[in-house]
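Engineer: One structure follows; several queries about it will come next.
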Amino acid sequence: MGVLLMGKSGSGKTSMRSIIFANYIARDTRRLGATIDVEHSHVRFLGNLVLNLWDCGGQEVFMENYISSQRDQIFRNVEVLIYVFDVESRDMERDMHYFQSVLESIGQHSPKAKIFCLVHKMDLIPDGQRGQLMLEREADLKRRATTPMAMTVFGTSIWDETLYKAWSAIVHSLIPNVRMLESHLGVFCAEAGADEVILFERTTFLVISHATSHAQTDPHRFEKVSNIIKQFKLSCSKSQAQFQTMEICTPTFSAFIQGFTPNTYAMVVHSDRDIQPGIMIININRARPSFENIERESATAN
Amino acid sequence: MLVAGDPKSNVPQHAWMPLSSGQTAKPRLLVMGLRRSGKSSILNVVFNKMSPNETLFLESTSIMSRNDILSFLDFQLWDFPGNLELGDSTVDPGLLFQQCGALVFVIDAQDEYIGALRRLYEVIILAHRLNSTITFEVFIHKIDGLSDEHKIDTQRDIYQRLHDELAESNVHDVHLSFHLTSIYDHSIFEAFSKVIQKLIPQLPTLENLLNMLCSNTNVEKVFLFDTASKIYIATDSSPVDMQSYELCSDMIDVVMDISSIYARTQHAKATPSGYLSLQPPSTNGGSSNGRAQASSNAAVLEAAANGMARDPGLAIVEDDESHATIRLNNGQALYLRQVNQHLVLVSLLRDDSFERQGLIHYNFGCISEALNMVLMPESPATAAPHQLHI
């Protein structure tokens, strides 16, 4: 299974890969050099899921190469294509031209691939203009596909949680038994009397799945929590420690974050003051074996 | 004109808020420095939660602005434009320095600093003559761009030059301290913590209380933080290492951020007006108004508005029942406890002490109560705090 990460030189591909999969903090990505040719890396995800990331250098010479001579090698068996655009690119037309050729190659060699376009470096655009700009870009990008393809467009920035939103969506589309996971999570959420249960991947803290029984107001909360916890994990690692569990109790809600299965963390939020913290921890421990089973089953299925 | 709040004063209203007699009592912090030395960036990062990389977009400050910090002590921060001349007719140095507790002077360490030193020297001479109790805090700023060796050299050089010059002009007993700071790490918070601690009269009592907690329980290190700015007001007497400070201040971030996500729904129903309604009346409308008017700088205004938007979340955690626990895999744990609207206690302790979690809650409850008594002068401590249990 292949995940292809492409885009023009300097558009931020390696930076975002390093933040999501290698625990870089945003500021440290300045030190990264340009990627030469194809950098191939395996990322183990959810224990048994291996993401093949092809981080393709975006300099023109290489782009030409991909599209002509290396076409077969690179575009075969692609499940997901992530194409990164620099929002401030001076030469939109050329970017689009390459994007279109890539789409053609994908359509030819892996017609079922899902396409994710990330319009990156959104932090350079003033807050008020982002929405309008994204609408325009999305329409433009979707027009470029000549054959029908599943295409999703995100505006991203390494400086805020938008990066996590996009990558959560990408990873979500790659998990094989995600429906089953979701339904089990729903049952757990209802049985435990929780408002919301969120499942995170252990190493990246990307949101895999969630169940909500009480509507929450903040639609961006998943990626925000990912970002918040990840930042804290990084500050823990500075003092040679790893964060294990967290418990927040306030008069209006309580939240518990702890390691769940070997590959996940769970966050359980509830607002029922009659539920004692100890009870919720017992509930989480009780649910653990059944989710470990799902994980094992999907491991053998692969 | 500064004190009386003369309405006919020729000074523009947005720059100079008239001070009522009550407000003059607040400890005042002046922030000065040459232009482009990073004063506004510092203030925005520390007090308005601006992220460091956003400060690139700040425009240079052209008028003097006053910020009232909605904190437990109501500090006033005066941000001076870098190009302001002290001889300028709009500023009365006498009034300015006489009410000032500390003067923060920012020096850009990445730039040629001889000019800044000359300016600092002038300021010290003038201010010291008018008010000899002022503490001068020199922030050697933007050190993120320097190597470790270079940092020490720069600090030594600045210290030496200033010292020589002051000795030459026969100025002695100036309270002078130096801090190496950068907005990209915790050093700026650490420096402000040290500056502000000097302005708190109850500091010895607070420290005593925290020492009592540490020596009588399993707590290894405890900080009393101002929640909004993450400046620590007091800590116990064991040495502060940067790592545990960072960890504790990051914990406040995590707890606040998660609270602001999940507390909002329920809270919106309870009190729609949110944060401000929970403020004591004295700090309510007046000072937030003051803050908004005090700065015509659009960026500062916007940051202040952002601060407001975050506040409903804060209000939730600000109930004295709120607490949070984080356990680490190295046998350590962090425990956070709300003291009042503005303050939290964050402590480091051994993970195994959580076997008796009830005791931890109880002990921190006692300490919070005692801290509140010390910090609220209008309600004198009538009852002795409860005994700590070990």
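The values are calculated or read from the model by the stated rules, or taken from the named source; none is laboratory data. Computed from a prediction, not measured in an experiment: that's the story for all the values here. No Cβ is skipped: glycine too gets one built from the backbone with ideal geometry, and neighbour counts run over all protein chains shown. Calculation scope for accessible area: heavy atoms of the full protein, side chains included, ligands and nucleic acids excluded. Shrake-Rupley method; radii C 1.70, N 1.55, O 1.52, S 1.80 Å.
Engineer: For segment A:147-162, what does the Karplus curve 6.51 cos²θ - 1.76 cosθ + 1.60, with θ = phi - 60°, yield as ³J(HN,Hα) per residue in whole Hz, taken in order and with x for Gly and Pro?
Structural biologist: 9, x, 9, 7, 10, 10, 10, 10, x, 9, 8, 6, 8, 9, 7, 4
Engineer: Give, as a single signed number, the net charge of other residues whose beta carbon lies under 15 Å from the beta carbon of A:T264, with Lys and Arg counted +1 and Asp and Glu -1.
Structural biologist: Local net charge: +1.
Engineer: Skipping prolines and chain starts, which residues have an amide H placed within reach, meaning under 5 Å, of the one on B:V339, given they are 5 or more residues away or on another chain?
Structural biologist: B:V344, B:L345
Engineer: Further question on the same structure: How large is ³J(HN,Hα), in whole Hz, for each residue of segment A:171-186 in order, when computed from phi with the Karplus curve 6.51 cos²θ - 1.76 cosθ + 1.60 and θ = phi - 60°, using x for Gly and Pro?
Structural biologist: Coupling constants for segment A:171-186: 5, 4, 6, 9, 7, x, 9, 5, 5, 4, 4, 5, 5, 5, 5, x Hz.
Engineer: Let me ask something else about it. As a test of the definition: with a 1.4 Å probe, what buried accessible area, both sides summed, do you compute for A against B, in Å² to the nearest 100?
Structural biologist: Values: alone 14850 and 18030 Å², together 29810 Å².
By this definition, chains A and B bury close to 3100 Å².
Engineer: Between A:D91 and A:N23, how high is the FRET efficiency from 1/(1 + (r/R0)^6) when r is the Cβ-Cβ distance and R₀ = 56 Å? Nearest 0.05.
Structural biologist: Values: r = 33 Å, r/R0 = 0.59.
E between A:D91 and A:N23, to the nearest 0.05, is 0.95.
Engineer: Sticking with this one: Can you list residues from other chains, or at least 5 along the same chain, whose modelled amide H is less than 5 Å from the amide H of A:W159?
Structural biologist: none
Engineer: Local charge sum around B:A109 (other residues, Cβ-Cβ under 9 Å, Lys/Arg +1, Asp/Glu -1)?
Structural biologist: Value of the local net charge: 0.
Engineer: Here is a further query. Just grab the label-to-label distance for B:N330 and B:L199, each label 7 Å out from Cα along the Cβ direction, in nm (one decimal).
Structural biologist: That separation, rounded to one decimal, is 3.4 nm.
Engineer: Set the Förster radius R0 to 41 Å, insert the Cβ-Cβ distance between A:E191 and A:L133 as r into 1/(1 + (r/R0)^6), and round the FRET efficiency to 0.05. List each step's numbers first, then the result.
Structural biologist: Values: r = 44 Å, r/R0 = 1.08.
Calculated value: 0.40.
Engineer: Mean residue ellipticity at 222 nm from the helices of chain A, using -39,500 (n - 2.57) per DSSP H segment of n ≥ 4 over the full residue count, to the nearest 500 deg cm²/dmol?
Structural biologist: -13000 deg cm²/dmol
Engineer: How large is ³J(HN,Hα) for each residue in segment A:267-273, as worked out from phi by the Karplus curve 6.51 cos²θ - 1.76 cosθ + 1.60 (θ = phi - 60°), to whole Hz, x for Gly and Pro?
Structural biologist: Values per residue, Gly and Pro as x: 10, 10, 10, 9, 10, 8, 5 Hz.
Engineer: Place a label point 7 angstrom from the Cα of A:Q242 along the Cα-to-Cβ direction, then list the residues of segment B:328-372 whose backbone nitrogen is under 16 Å away.
Structural biologist: B:328-332
Engineer: Among the listed pairs A:K13/B:K142; A:K233/B:K198; A:K8/A:K238; A:K8/A:K230; A:K142/A:K165; A:K114/A:K165, which are separated by more than 23 Å between their Cα atoms?
Structural biologist: A:K13/B:K142; A:K233/B:K198; A:K8/A:K238; A:K8/A:K230
Engineer: Right, something else. Taking 0.36 nm per residue of sequence separation and subtracting the Cα-Cα distance, how much length would be gained by fully extending the chain between B:E59 and B:D164, in nm to one decimal?
Structural biologist: Using 0.36 nm per residue and subtracting the Cα-Cα distance, I get 34.3 nm.
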